[in-house]
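First the structure, in the form of structure tokens, and then the observations on it.
Only the coordinates and a few stated rules stand behind these numbers; no lab work does. None of the values given here were measured: they were computed from a predicted structure. Glycine also receives a Cβ, built like all others from the backbone with ideal geometry; neighbour counts cover every protein chain displayed.
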Amino acid sequence: MSTDSSGLITTHPDGCPRCWWPGHDPVYVAYHDTEWGVPEYDSRALYEKLILDGFQAGLSWITILRRRDGFRRAFEGFEPERVARFTEADVERLMNDTGIVRNRAKIRGAISGARAWLAIEEAGPGFSPFLWDFCDGRPIQTNAASRAEIATETDVSRKMGKALKAKGFTFCGPTIVHAFMQAVGMVNDHLTGCHRHADCAALGDGRHP
């Protein structure tokens, strides 16, 4: 996902030191500053992010980020109850939608994931607790000073990915799942010199409600 190959802290014109990966792209910088690494506990939002990370496979995250509004429109706000009712006609509709990444397997994966989400919700205690339990309900704090110190997968992401696959999710390998965990604040992988590292660490002081 990098737009800067340094793998180190970059100081921006506004004086803020940031992780290397958003470069100076304003869309990417805003995402880095306001979303990435912030603990997310909403089950619907977690479903959306997991599905979008699956669509990212083989692509850069900025490609998905720039199409996120298109994805939200095409997938009816990523409301799992709605997506779960999609048919093959919807798959064909989405395959002709230029506002998203058109990949038949990933589209079908979003639908099967919505059905799996519903099953987890109905079985209790819900999708959010199901995921957060893998890190004991609290964000995992790392203290990486450079990209070289950041893992691409972990034991936790391997276990979570395996559990998601068993529930019916696809495109949930350990690398995709770890990227998902970073994005939704289950892992605080902002570099220690980044202005967001301490902020996200403070947000993660509590346990999952």
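Can you tally the net charge around residue 108? Count Lys and Arg as +1, Asp and Glu as -1, for every other residue whose Cβ sits under 15 Å from the Cβ of residue 108. Summing Lys/Arg as +1 and Asp/Glu as -1 gives +3. As a proxy for reagent exposure, 191, 59 were ordered by neighbouring Cβ count within 10 angstrom, fewest first; the result is 59, 191. Taking amide H positions as modeled 1.01 Å from N, with prolines and chain starts lacking one, the residues under 5 Å from residue 140 and 5 or more places away or on another chain are 187, 188. For the chain, the longest principal axis of the Cα atoms and the long axis of helix 43-56 meet at an angle of about 80 degrees.
Computed from backbone phi, the HN-Hα couplings of region 97-102 come to 8, 6, x, 10, 7, 8 Hz, rounded to whole numbers (Karplus: 6.51 cos²θ - 1.76 cosθ + 1.60, θ = phi - 60°; Gly and Pro given as x).
Spatially, region 127-142 and region 48-107 are offset by 25 Å when compared through their Cα centroids. The mean of 1/r over all distinct Cα pairs in region 43-127, once inverted, gives the Kirkwood hydrodynamic radius of 12.9 Å. Phi angles of region 187-193 translate, via the Karplus equation with coefficients 6.51, -1.76, 1.60 and θ = phi - 60°, into HN-Hα couplings of 10, 9, 9, 5, 4, 4, x Hz per residue; Gly and Pro are given as x. The dipole here belongs to the chain: it is taken about the Cα centre, uses +1 on the Cβ of Lys and Arg and -1 on the Cβ of Asp and Glu, and is about 620 debye. Shape of region 161-209 from its Cα gyration tensor (a ≥ b ≥ c, root eigenvalues): rounded if a/c is under 1.5, otherwise prolate when a/b > b/c, or oblate? In terms of gyration-tensor shape, oblate. Taking the 0 to 90 degree range and rounding to the nearest ten, how far is the long axis of helix 104-123 tilted relative to the main principal axis of the chain, both from C-alpha atoms? The helix 104-123 is inclined about 90 degrees to the chain. Taking Cβ atoms as reference points and 12 Å as the exclusive limit, the residues near residue 37 contribute a net charge of -3, counting Lys and Arg as +1 and Asp and Glu as -1. The angle between the Cα long axis of helix 155-167 and the main principal axis of the chain comes to about 10°, on a 0 to 90 degree scale. With a cut-off of 16 Å, note down the residues of region 31-75 whose backbone N falls inside the zone around a label point 7 Å from the Cα of residue 93 toward its beta carbon. Inside the label zone: 70-75.
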